[in-house]
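Everything below concerns the one structure shown next.
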Amino acid sequence: MRIRMMMLALAGAGTAAWSGTALAADPGDPERGETLFKRCVACHSFEPNGRNKAGPRLHGLFGRKAGTVSDYKYSPALKDSALVWTPDTVDALFAKGPEEVVPGSKMPLQVMSNPKDRADLIAFLRKVTAE
Ligand code: HEC
């Protein structure tokens with residue numbers, strides 16, 4: 001019983017830690033996210049055997065340290081950054097723009113100012129980069 005209570009408390013704490021972002025409120029719509037990914041597809045694949053394009057393949061993105069696809073030539077800025085890609089850091093990447101999150105990155109300037117767009121895009125990415 002005590003252990004159960006503790007686990008509930010921990011689950012609660014996990015949720016609280018997320019509440020600072022729009023993601024907590026909005027689990028995102030992966031179908032709408034697929035449409036938004038059209039802005040990325042010219043430079044990124046997401047399939048397990050996807051190839052690098054102008055940008056690195058995104059398969060296995062979440063939980064991965066930034067700049068670690070072994071056969072992709074990153075900018076020193078991204079390679080040397082301490083970022084780990086999570087829904088929160090990907091959210092920040094497009095809320096603020098790559099040039100602010102990773103100054104010196106060769107990822108082109110782009111911002112997705114609508115939190116709903118970011119939540120939907122991330123929901124899509126979480127699904128397809130893990131499959
Ligand atoms: C015109 C090409 C281009 C477009 C469009 C583009 N990216 Fe990128 N992206 C890049 C490049 C180039 C890099 C590598 C940057 C570096 O090395 O500094 C990158 C890096 C990334 C990374 C870091 C990957 C890693 O392995 O660390 C993520 C995540 C990412 N892009 C997501 C996206 C998403 C999501 C979109 C669509 C909203 C998008 N990108 C649109 C070119 C692009």
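The numbers here are math on the coordinates, done by the rules we state, and not lab data. This is a predicted model, so every value here is computed, not measured. Please note: Cβ atoms are built from the backbone with ideal geometry, for glycine as well, and neighbour counts cover all protein chains shown.
Those residues that are within 10 Å of the ligand (Cβ to nearest atom) and of a type outside the set (A, V, I, L, M), I need them from the stretch 45-58; list them, please.
Residues satisfying the conditions are 46, 52, 53, 55, 56, 57.
Residue by residue through the stretch 83-107, note down the ones that are in a loop (DSSP other than H, G, I, E, B), touching a residue at least 24 places away in the same chain (Cβ under 8 Å) and surrounded by fewer than 18 Cβ atoms within 10 Å (Cβ to Cβ).
86, 103, 104, 106
Select from the stretch 108-117 the residues that are more than 11 Å from the ligand (Cβ to nearest atom) and assigned to a helix (DSSP H, G or I) and write down the one among them that is nearest to residue 79 (Cα to Cα).
115
Is it the case, given these coordinates, that residue 105 is more than 9 Å from the ligand (Cβ to nearest atom) and of a type in the set (S, T, N, Q)?
So residue 105 does not fit the description; no.
Can you pull out every residue in the stretch 83-97 that is within 14 Å of residue 119 (Cβ to Cβ) and either acidic (Asp, Glu) or touching a strand residue (DSSP E or B) at 6+ places or on another chain (Cβ under 9 Å) (or both)?
Result: 88, 91.
What number of residues within the stretch 108-131 satisfy the criterion of being under 15 Å from residue 43 (Cβ atoms) and surrounded by fewer than 17 Cβ atoms within 10 Å (Cβ to Cβ)?
Here the count works out to 3.
For (1) farther than 23 Å from residue 49 by Cβ; (2) over 13 Å from the mean Cα position of the chain (by Cα); (3) near the ligand (Cβ under 10 Å from one of its atoms); (4) assigned to a helix (DSSP H, G or I), each residue gets a yes or a no:
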residue	(1), (2), (3), (4)
61	no, no, yes, no
68	no, yes, yes, no
81	yes, yes, yes, no
119	yes, no, no, yes
125	no, no, yes, yes
131	no, yes, no, no
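Can you find a residue in the stretch 35-44 that is β-branched (Val, Ile, Thr) and within 11 Å of the ligand (Cβ to nearest atom)?
Yes - at least one qualifying residue is present in the stretch 35-44.
Being among the small types (Gly, Ala, Ser), over 17 Å from residue 39 (Cα atoms) and surrounded by fewer than 17 Cβ atoms within 10 Å (Cβ to Cβ) is the requirement here; does residue 67 meet it?
No.
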